[in-house]
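Engineer: Below is the structure I would like to discuss, written out as structure tokens.
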Amino acid sequence: MRRPSFSLEQIRSFAEVAETEHISRAAASLYLTQAAVTQQVRHFERAVGLQLLERDGRRIRAIQVMDDTAKAIRELEAGSLHVGASPTCATYYLPSHLAEFTRRHPAVKLDVAVAPTMELNRRVLAGSLDCALIEGEASPGLTSVELSPDELILVAHPDHPLSQLKRVTPTQLAKYRYMRRGPEFSAERHVRKMIGEMYDRFEVLNLGHHEYVRAATIAGLGFAALPRRAVVADLRSGLLKSLPVPPMVRSISAVRRPSHGGPAQEAFWTQLTGAQHAASGKISSDGWSQARA
């Protein structure tokens, strides 16, 4: 889980001072020196970026900022949102949702982590991410909502030998270099289903990101499996050619822990899943899903 910038000892010292309204009484209760308790409280205030206590004569009391801060977080005038996305989702699915969320809630601080689906599932389960957009299967224990279908197609440069064939078999594919992001990405499980056992016989070039794969394919280094959305303009312009192999349709999903989250997480989740259209299972020529009429 995300490690806070303050310690339990600092919280205990603050809570005891707020309860007793005296440094000396709090120190006696905690079996600490007054200097130690004062230091713990100061470190805690510095960690949260707020003055939490003030002197009122000989007494010390918690100030209104505590209630004000809690109210601001509830009303999304403060707080943070930690979102994960696979490379494909970070490029084509997440930005519009984040833009709309920040338009509605400009004071909420955003943090985005881009990683393979397996890593995102792990981090959401662990609590270091509030939610994530993935292009593979959700781990057991996570709540998952399908947002859109996403189509993977095989492509190559128009002058590549595979592009000259009217029918391409897995055996023919195995004669040429296959370019991919890497074995850890969930897309490769779908490509394996698309191609079959010959997948393990490919000469492979791992490039880490689908934009690098796309650029290398345009350069003629080999063939690749890419989201149609990533190459629709290249197909139209003639920079790439779709190979005559049936595409593979996978799901783009949002995942989260089942338990109730903070105000920012719940607001973003409602926006993310409430904005989806009913999927017909059909993909338009530009790679976008077609909603039912």
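The values are calculated or read from the model by the stated rules, or taken from the named source; none is laboratory data. Everything numeric here is computed off the predicted structure, so don't read it as measured data. Cβ sites come from the backbone with ideal geometry, for glycine too, and all protein chains shown count toward neighbours. Accessible surface areas use protein heavy atoms only, side chains included; no ligands, DNA or RNA. Shrake-Rupley method; radii C 1.70, N 1.55, O 1.52, S 1.80 Å.
Engineer: For region 127-142, which positions are of a type outside the set (Asp, Glu), open to solvent by less than 20 Å² (accessible area, probe 1.4 Å) and in contact with a Ser or Thr (Cβ under 6 Å, 6 or more places away or on another chain)? Lay out the reasoning, then the answer.
Structural biologist: Kept after step one, since they are of a type outside the set (Asp, Glu), are these residues of region 127-142: 127-129, 131-134, 136, 138-142.
Pick out the ones that are also open to solvent by less than 20 Å² (accessible area, probe 1.4 Å) and you get 127, 129, 131-134, 136.
Passing the criteria: 134, 136.
Engineer: On to the next question. Looking at (1) assigned to a loop (DSSP other than H, G, I, E, B); (2) at pLDDT 90 or above; (3) under 14 Å from residue 267 (Cβ atoms), which is the one condition that is false for residue 107?
Structural biologist: For residue 107, the failing item is (2).
Engineer: Out of all the residues in region 194-211, which are outside any loop (DSSP other than H, G, I, E, B) and within 24 Å of the chain's Cα centre (by Cα)? It would help to see each step written out before you state the result.
Structural biologist: Going through region 194-211, the residues outside any loop (DSSP other than H, G, I, E, B) turn out to be 194-195, 197-201, 203-206, 210-211.
Correct list: 206, 210, 211.
Engineer: Within region 214-236, restricting attention to residues that are part of a loop (DSSP other than H, G, I, E, B) and in contact (Cβ under 8 Å) with a residue 60 or more places away in the chain, which residue is most open to solvent (accessible area, probe 1.4 Å)?
Structural biologist: To start, the set of residues in region 214-236 that are part of a loop (DSSP other than H, G, I, E, B) comprises 219-222.
So of that shortlist, the ones also in contact (Cβ under 8 Å) with a residue 60 or more places away in the chain come out as 219-220, 222.
Values: 219: 80, 220: 36, 222: 1 Å².
The residue in question is 219.
Engineer: Could you please find all residues in region 259-293 being exposed (fewer than 12 other Cβ atoms within 10 Å of the Cβ) and at pLDDT 90 or above?
Structural biologist: 270, the sole residue that qualifies.
Engineer: Which of the residues spanning region 20-48 are within 40 Å of the chain's Cα centre (by Cα) and either of a type in the set (S, T, N, Q) or open to solvent by 60 Å² or more (accessible area, probe 1.4 Å) (or both)?
Structural biologist: Step one: filter region 20-48 for residues within 40 Å of the chain's Cα centre (by Cα), giving 37-48.
Of everything in region 20-48, those that are within 40 Å of the chain's Cα centre (by Cα) and either of a type in the set (S, T, N, Q) or open to solvent by 60 Å² or more (accessible area, probe 1.4 Å) (or both) turn out to be 38, 39, 40, 42, 43, 46.
Engineer: Go through region 169-193 residue by residue and tally those that are surrounded by 15 or more Cβ atoms within 10 Å (Cβ to Cβ), assigned to a loop (DSSP other than H, G, I, E, B) and among the acidic types (Asp, Glu).
Structural biologist: Result for region 169-193: 0.
Engineer: While we're on this one: Go through 108, 145, 83, 155 for me and flag whichever is open to solvent by 20 Å² or more (accessible area, probe 1.4 Å) and in contact with a helix residue (DSSP H, G or I) (Cβ under 9 Å, 6 or more places away or on another chain).
Structural biologist: Values: 108 fails: open to solvent by 20 Å² or more (accessible area, probe 1.4 Å); 83 fails: open to solvent by 20 Å² or more (accessible area, probe 1.4 Å); 155 fails: open to solvent by 20 Å² or more (accessible area, probe 1.4 Å).
That would be 145, the only listed residue that is open to solvent by 20 Å² or more (accessible area, probe 1.4 Å) and in contact with a helix residue (DSSP H, G or I) (Cβ under 9 Å, 6 or more places away or on another chain).
Engineer: Of all the helices (runs of 4 or more DSSP H) wholly in region 1-77, which have at least 2 residues that are at pLDDT below 70 and of a type in the set (Asp, Glu)? I'd like the intermediate steps shown before the answer.
Structural biologist: Values: elements: 8-20, 23-30, 34-48, 65-74.
In region 1-77, the matching helices (runs of 4 or more DSSP H) lie at 65-74.
Engineer: Taking region 237-257 as the region of interest, how many residues are open to solvent by less than 40 Å² (accessible area, probe 1.4 Å) and in contact with an Asp or Glu (Cβ under 6 Å, 6 or more places away or on another chain)?
Structural biologist: Qualifying residue count, region 237-257: 4.
Engineer: Sticking with this structure for a sec: Condition first: assigned to a strand (DSSP E or B) and within 30 Å of residue 244 (Cβ to Cβ). Can you find one or more residues in region 121-144 that meet it? Lay out the reasoning, then the answer.
Structural biologist: In the first step, residues of region 121-144 are kept if they are assigned to a strand (DSSP E or B); the result is 131-134, 143-144.
Going one step further and asking which of them are within 30 Å of residue 244 (Cβ to Cβ), we end up with 134.
Checked region 121-144: at least one residue is assigned to a strand (DSSP E or B) and within 30 Å of residue 244 (Cβ to Cβ).
Engineer: Restricting to region 219-268, count the residues that are in contact with a Phe, Trp or Tyr (Cβ under 6 Å, 6 or more places away or on another chain) and of a type in the set (A, V, I, L, M).
Structural biologist: Residues in region 219-268 being in contact with a Phe, Trp or Tyr (Cβ under 6 Å, 6 or more places away or on another chain) and of a type in the set (A, V, I, L, M): 1 in total.
Engineer: Only one of these is at positive phi and at pLDDT 95 or above: 238, 196, 208. Name it. Spell out the reasoning first.
Structural biologist: Numbers: 196 fails: at pLDDT 95 or above; 208 fails: at pLDDT 95 or above.
Result: 238 is the single residue among 238, 196, 208 that is at positive phi and at pLDDT 95 or above.
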